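Accompanying notes for the structure given below.
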Amino acid sequence: MTNSTIDWILPIVAISLTAILLSKKVKNSPLWRATLTPLASIIGSGFLVVAPLLGNIVGANAVWAIIAIVIFAYTIGSVLRFNILQVEPLLNAGGNRWLSAA
C-alpha cells in the first residue's frame, strides 16, 4: 500500500469507528462503560508515549505497530475479562482449594 492510499484509508476508518462508538447503542452498553475507563487510561498514558517511540523505531510502519499493540492489549484484556466473569465467582463461593492463593 502506498502512503497516499493510507492517507485516505485511515481517516475513513477513524471517522467510521468514531460514528460507531458514539452511537446510542454502544454508549448505553454496560460492557462499553466498563471498558471505557481502562481503555482511556491505556490510550492516554500508553499511546502518547509509545506512538512517538514507534515513529522513531519503525518509521512509516508505526501505524501497523500500533495496531499490533492494540490487538495484543485486547488479547490480554480478554484473559482478564474471562477471569473476572468465570474465576472470581468461584473464589467468592470458596470451597475450591486450587483457586485459593492462600
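For this structure, a couple of remarks:
- Region 1-28 residues that are touching a residue at least 40 places away in the same chain (Cβ under 8 Å), paired with ones that are exposed (fewer than 10 other Cβ atoms within 10 Å of the Cβ) and of a type in the set (A, V, I, L, M) (beta carbon under 9 Å, 6 or more apart): ASN3/ALA60; ILE6/ALA60
- Contacts under 6 angstrom Cβ, first residue in region 72-94 being surrounded by 11 or more Cβ atoms within 10 Å (Cβ to Cβ), partner among the polar types (S, T, N, Q), 6 or more apart: LEU90/ASN96
Residue by residue, here is whether (1) of a type in the set (Val, Ile, Thr); (2) under 16 Å from the mean Cα position of the chain (by Cα); (3) modelled with pLDDT of 85 or more holds:
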residue: LYS24; (1), (2), (3): no, no, yes
residue: ALA40; (1), (2), (3): no, yes, no
residue: ASN56; (1), (2), (3): no, no, yes
residue: TYR74; (1), (2), (3): no, yes, yes
residue: ALA93; (1), (2), (3): no, no, no
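- Meets criteria (over 11 Å from the mean Cα position of the chain (by Cα), exposed (fewer than 13 other Cβ atoms within 10 Å of the Cβ) and under 26 Å from THR5 (Cα atoms)) for LEU31: no
The values are calculated or read from the model by the stated rules, or taken from the named source; none is laboratory data. Keep in mind that this is a model prediction, so the values were computed, not measured. Because the Cβ atoms are built from the backbone with ideal geometry, glycine has one as well, and the counts that use them run over all protein chains shown.
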